[in-house]
Amino acid sequence: MQHRPVKLACRGVWKIYGPDPARLLAGGARPDLATIRASHHVGAVRDATLDVGEGEIFVIMGLSGSGKSTLVRCLSRLVEPTAGEILFDGRDLLKASRAEMIAIRRHKMGMVFQHFALLPHLTVLENVAFPLEVQGVARPTREARAREVIALVGLEGREGHYPRQLSGGQQQRVGIARSLAVEPELWFLDEPFSALDPLIRREMQDEFLRVQRLLKKTIVFITHDFDEAIRLADRIAIMKDGALIQIATPEELVLSPADDYVADFTRHVARAKVVTLGRIMTPGPAAEVAGALPAHARVEAVADRIEGSPLPHAVIDEAGRVIGHVGARAVIDVLIGRRIG
Amino acid sequence: MRAGEGIAGAVPRAGLRGSGAWQRGAWLWGGIVAASLALAAWVGPVPVPKALTPDMAGWVSAALRWLVERADLGLFSFKELTRAIAAVIEWPYSLVRAALVDGWVEGRGSRARTILQPLSWIAVIAIVAAMGAYARSWRLGAFVGACFLYLAVFGRWESAMVTLASILIAVPIGVAGGLGLSIAAWLWPRFERALAPILDLMQTVPIFAYLVPILFLFGFGPVAALIATVIYAMPPMVRVTTLALKSVPPELGEFATMAGCTTAQRIRKVLLPAALPDLMVGVNQVIMLSLNMVIIASMIGAGGLGFDVLNALRRLDIGAGIEAGLAITALAIALDRLSQAYAARTADVPMSAGASGGWPRRHPWLSTVALVILGTALMGLVLPPVASYPAEAVITTKAFWGDLVKAINIRYFDDLEAIKTAFLTFVMLPVKRFLLALPWPWVLAVAAFAGWRLGGAPLAATGAALGAFVLATGLWEQAMTTVYLCGVAVVIAAFIGIPLGILAAANDTAGRVIGGIIDTLQTLPSFVYLIPVVMLFRVGDFAALIAVVLFALAPAVRYTAHGLRSVPPEMIEAGIVCGCTPRQVLTRIRLPLALPEILLGLNQTIMLALSMLVITALVGTRDLGQEVYIALTRADTGAGVIAGLGVAAIAIIADRLIAAGAAHARARLGLQRGTP
Amino acid sequence: MTTKALLSSAAALALALGLAGPAAAQVESDDPIRLTLHDWTGQLVTTNLMARVLEEAGYTVELVQADYIAQFAGLKTGDLHVAMEMWETTGRQAMDEATATGQVVNFGPTGMEAVEEWWYPSYMKEKCLGLPDWKALNDCAEAFATAETAPKGRYLGAPVTWGGFDEERVEALGLNYEVIHAGTDAALFAELESAYQRQAPILMWVYAPHWSQTKYEGEWIEFPPYEAACYEDPAWGINPNKTHDCAKPRGPIWKVGWAGVANKWPGAAKAIGAFTISNAEMDRMIARIDLDGEQLDAVIADWMAQNEAVWQGWIAK
Ligand SMILES: Nc1ncnc2c1ncn2[C@@H]1O[C@H](COP(=O)(O)OP(=O)(O)O)[C@@H](O)[C@H]1O
Ligand SMILES: [Mg+2]
């Protein structure tokens, strides 16, 4: 994904809670976990550096308490980092004034919250139109826009309902619609589906992917559910104790975890879900092929087709050039977990 | 202070500590009590050196005189400012009063000519009934309407409307002021820290203590009474709102930021609406407290039902006093139920109905009410009974009440006298003598020690400092008398109230009956029962005790019942599965888990007992309440304020110790509840 | 009555013709004169009577509820204008303090005399022969005792704030009694009511004019008559070593008011100064209101009808 231009980046971001966070970092010090704990501080985010490309779904994954929420709040400057830089379109957000931040948030950022954060006294329509209302957009304009996004998330007909009258999944659809009402460039989602039942969660993930295919936002998505991460992510950052341990595509994470901690997560993941054809193909063209498949297709998605055909398939890159071929054997290796790579 | 700390300190240990710790605690406090007894017996009271009692009353008087007569804010004086405020408040007040009582008149005095009649009693009843029906149900509407009908039928209509008019002005001011202060507290934590002690004082300093300066500053009449009412009724609004703003889910605040709200938008559009159901609880509190002030407000010119009560009692017309008192209760209960219904209504937002059609169709309630108002106004022109409730139809039960008290008096006085004498000689007087005999350095030390045990060094410092202030007022004896009276009253209230609370929680019917009694006791002005109590028990500490217990009982009952009811059902199921008898479920599971709540109830009981102090002065006790009252009748502002601050100091010590005790209990039980 | 009727019809006529402004007699200022109301009937009578008379003279009057002592705050600033009953026996201190500022003036006596004294119901005469003489008191201390005070007799005093020197009196006259203070006069008379219902012993502080004088039959204790020297000079009286060995002083009930009244409404100030009424008249009116349940307005109207010459004299130019 390195070819995408960088939309949002953070450099050496720290967020330390406690009596005197600044002192710990004085003079560019980089205290380790033990030092921070010994001085009765909490290192919620430690020295985080990452780049999010334009149009990318960047997932931050970690156990509860690992600092995901704090990091995403540093990125949106809901939380003031103790140290570091947040670069949005190359400009340091931490240097923006209050008024500038308000303007940036009004027009360029949207956020979805774990517990929906809907306003209980407003209807669905009013909730979705709210971000436009605070900007002073006239009622007809903002309501028309709100209806558009409500339709986008499939809630037509519920405009007059109050949040209480909706199911959890519907409420979060409202949350999503609301965060999209201002057509943000940057879309933050903090565990948006964690409060939902597993079935609804899957449905919402599909919905989310559908919407993203239409809108192509730059997304920072938080989850503690590794399955969710690999389903949605272009890239995943694994967090532990406030630090980013590994940033990689799902496939790389599964195939070459940086350490045992990451390996623990990936052990039970069916490889077929993450491994792409590009990874298992034999380079070079085959003599005779049954068809062509893209290199970034995941094995799970195309296994049936490849297995069902006596001939191998050609693998093509994004430009449509044939870069290799793959046969049933390679797919079966993945499916039964035989060592690859 | 001793009575308070005994309660706060000993009770949690009894139920909750491991037996080793419990024993240590028991030994410790047992030892302190024994030492106190010994000191009281052999050392006796220690005179307070002159050097420790500076002339604080003089300073306060001088400062207030300066404020009233000299203080200058540049363009205008402080007094001109307060007078301007009074004028601003006067305006809506006269408007409401005109609508409810006076009508619109031209000219003054006996030459006045009515241009427009006030709202007919039928219209007012229709309005409140419609509000009840709109807010919840027809049943509520009927109930509220019946409460107001009582006012008309018992001939209290005009007074009640005068009282209602001041409530209708005081409550919005109290609510708006409370909102403003708590928003400021939310914005600036430093302001919040400064506000906290002021709120404590507003709630604990008896109103009589600052009545005279208020009269000077705001002029004589209903507006001064309104201001006094607002001062007394506003603190709970501030507390509730501050808490509500803080407990808005943080995600909502973050959402407001992400939506790009300005600070004003965030407060107005996100935080306040989200906190609305909680705010309504505060509004309800303001209404109830304003009604508690009705009597005192009438002493300085508010008139209304409070004046009726005072006037009836002056003539020893017990029946009229009770009727007027019950009218206050009816008004209070009606407004309470109404505001609660509105609170509940804002909590669960209605299904959007969006009926179509013309204005009357879309607003069926408003249009009906408008119709009734118009209709009664027109009919009132030709039919006087529609304009004002006909005097011939007034019912009265006066004779019944008078005869009832007389019958009890003649038949049972001697028995009551015997009970009273026994209680006085065996309980009250020994406690009083004991407390008055304690050397003050020891009392201060115990206050500090209790603070240290329950809340560490800061609380110890608070206890010692406030104790020292009480000492410095030069009213040590009166303060100890206060502690004695309130202490005994609180113990009795606990002995009666906690079992009642248990009963109320165990049985729904009992709960409803007890709830009704408690509501009545809390809203019925104590003046009403003070006279019968004096008739049956003579003036003195015992009569005062009864009045205090009756008034302060409510929180002990309420909090106990609430605490027991809110024990998680799994806990009770776990007990039953373990083979507990119902009795064991109560004593082993429900009571210990309800303990923090019960402690809070006791805390409130103490606060109410202290707030009754001034009333006890009316039956001739010699405590701080009496000092406040004496200062008022002599218009000695300084002395009143200082004695009032003495009451406040005792109240705050008790409050902090018990709150710390309750926090301990809660922490030990792992229960969550916003600890102040 | 005729004048009143005439005046009001004149007023009605004026209004009907659209003539705004003062309709009746020409007065110095049309601003309302504020009279304070307290919470005992006698004071309501005096105040309403004065108000009615001032209105007859053409003044605009407003009645304001106010506390007996706290009202001085308003009288000093001119928020309030007239207080019709300030008792020598209970209001002296506050009154002196207020008049010393020069902002409050004494409008002179109301003509009523305040009596405050030890009092007992008549049925006690059978249990304590020798009453009303104070010398009989010690012999029947037993009869007036309660469980709490026995063997001493119990004397129910007024609220401490009223003063009265009863402790001193008990000591100076060697009375075998304990003084118990009621907190308010409501409590005071509640005890009387209770005892009277049971025909039980009671000895207490009573004051007049007051409805109790009509409702309960009883008598004042006769102490050695008061003289100023009794309160100041120990040598005076039976006890050569103590003061207060005598009865309580009786004193006038005063009218007081804002010093500015005389400038703003000179005629009204004159009328207020001229107002007088006797104890007996007042007792009758109080009883009609408090005991017979008549309306205050009706009682006052009756008095005015019967005493027209009297009140016309107050407002005569
Ligand atoms: N305001 C705060 N003050 C102190 N500690 C905090 C605060 N917010 C978060 N933390 C701590 O920082 C750590 C990371 O929290 P968070 O970012 O919420 O984790 P996650 O979202 O991954 O569950 C946790 O240990 C948490 O207790
Ligand atoms: Mg989180």
(request) Express as a percent, rounded to the nearest 5, the fraction of DSSP beta bridges in the protein assembly as shown (both residues included) that run antiparallel. (result) 60 percent
(request) Report, in whole Å, the centroid distance computed from the Cα atoms of the range C:145-170 and the range A:109-140. (result) 74 Å
(message) Averaged over its residues, how many other protein chain Cβ atoms are within 10 Å of peptide A:317-327's Cβ atoms?
(response) 0
(request) State, in square angstrom and to the nearest 100, the accessible area buried between chains B and A, both chains counted, probe radius 1.4 Å. (result) 2200 Å²
(message) Helix-only mean residue ellipticity at 222 nm, chain B, DSSP H runs n ≥ 4 weighted -39,500 (n - 2.57), per residue, nearest 500. What is it?
(response) -25500 deg cm²/dmol
(message) If you average the C-alpha positions of the range C:287-317 and of the range A:204-260 separately, how far apart do those two centres end up, in angstrom?
(response) 95 Å
(message) Explain nothing, just the number: relative contact order of chain B, from Cα pairs under 8 Å at least 6 residues apart, as a whole percent.
(response) 21 percent
(message) Under 5 Å between amide hydrogens, which residues at least 5 positions from A:THR249 or on another chain qualify, with H placed 1.01 Å from N in the peptide plane?
(response) A:ILE236
(request) Find which of C:ALA136, C:ASN176, C:TYR123 sits farthest along the positive direction of the dipole of the range C:114-232, computed with +1 on the beta-carbon of Lys and Arg, -1 on that of Asp and Glu, about the Cα centre. (result) C:TYR123
(request) Identify all aspartates and glutamates with a Cα-Cα distance to C:LYS76 below 17 Å; exclude those on the same chain that are fewer than 8 residues away in sequence. (result) B:GLU69, B:GLU80, B:ASP636, C:ASP67, C:GLU85, C:ASP96, C:GLU97
(request) Give the residue from B:PRO197, B:ALA457, B:VAL427 lying farthest towards the positive end of the charge dipole for chain B; charges sit on Cβ (+1 for Lys and Arg, -1 for Asp and Glu) and the dipole is referred to the Cα centre. (result) B:ALA457
(message) Just to check I understand the Karplus step: with θ = phi - 60° and J = 6.51 cos²θ - 1.76 cosθ + 1.60, what whole-Hz values come out for the range B:279-288, glycine and proline as x?
(response) 4, 5, 4, x, 4, 4, 4, 4, 4, 5
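Charges at C-beta only: +1 for Lys and Arg, -1 for Asp and Glu. How large is the resulting dipole of the range A:272-336 about its Cα centre, in Debye rounded to 20?
Working: 6 positive and 7 negative charges, 22 e Å.
Using Cβ point charges on Lys, Arg, Asp and Glu, the range A:272-336 gives about 100 debye.
If you take the accessible area of B alone plus C alone and subtract the pair, what total do you get in square angstrom, rounded to 100, with a 1.4 Å probe?
That pair hides around 4300 Å² of surface in total.
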(request) For chain B, with all protein chains present and a 1.4 Å probe, just round the carbon and sulfur fraction of the accessible area to a whole percent. (result) 68 percent
(message) Restricting to DSSP loop positions (anything but H, G, I, E, B) with no more than 14 other Cβ atoms inside 10 Å of their own Cβ, which GluC sites (Glu not before Pro) remain in the range C:252-308?
(response) C:GLU294
(message) Cut-off 10 angstrom, C-alpha nodes, Gaussian network model of chain A. Which of A:ARG267, A:ARG321, A:ARG235 fluctuates the most?
(response) A:ARG321
(request) Give the accessible surface of the protein assembly as shown per residue, rounded to a whole number of Å², with probe radius 1.4 Å and ligands, DNA and RNA excluded. (result) 42 Å²
(message) Using the crude model of +1 on Lys and Arg Cβ and -1 on Asp and Glu Cβ, and no other charge, please compute the dipole size for the protein assembly as shown relative to its Cα centre, in debye to 20.
(response) 4500 debye
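Assigning unit charges at the beta carbon (Lys, Arg +1; Asp, Glu -1) and nothing else, what dipole magnitude in debye, to the nearest 20, does chain A show about its Cα centre?
500 debye
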(message) Just to confirm the number: angle between the C-alpha axis of helix B:440-472 and the first principal axis of chain B, 0 to 90 degrees, nearest 10?
(response) 90 degrees
(request) Could you tell me which of A:GLY308, A:ALA270, A:ALA38 has its Cα farthest along the dipole of chain A towards the positive end, charges placed at Cβ (Lys, Arg +1; Asp, Glu -1), taken about the Cα centre? (result) A:ALA38
(request) With springs connecting C-alpha atoms under 10 Å apart, model chain A as a Gaussian network and identify which of A:HIS115, A:HIS107, A:HIS296 has the largest mean-square fluctuation. (result) A:HIS296
(request) Work out from phi, with θ = phi - 60° and the Karplus expression 6.51 cos²θ - 1.76 cosθ + 1.60, the ³J(HN,Hα) of each residue of the range B:236-252, listed in order in whole Hz, and give x for Gly and Pro. (result) x, 4, 4, 5, 4, 5, 4, 5, 5, 5, 6, 9, 4, x, x, 4, 5
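The values are calculated or read from the model by the stated rules, or taken from the named source; none is laboratory data. As the structure is a computational prediction, the values presented were derived from the model and not from experiment. Cβ coordinates were reconstructed from backbone atoms using ideal geometry, including for glycine residues, and neighbour counts include every protein chain displayed. Side chains included, ligands, DNA and RNA excluded: accessible areas come from the protein's heavy atoms. Shrake-Rupley method; radii C 1.70, N 1.55, O 1.52, S 1.80 Å.
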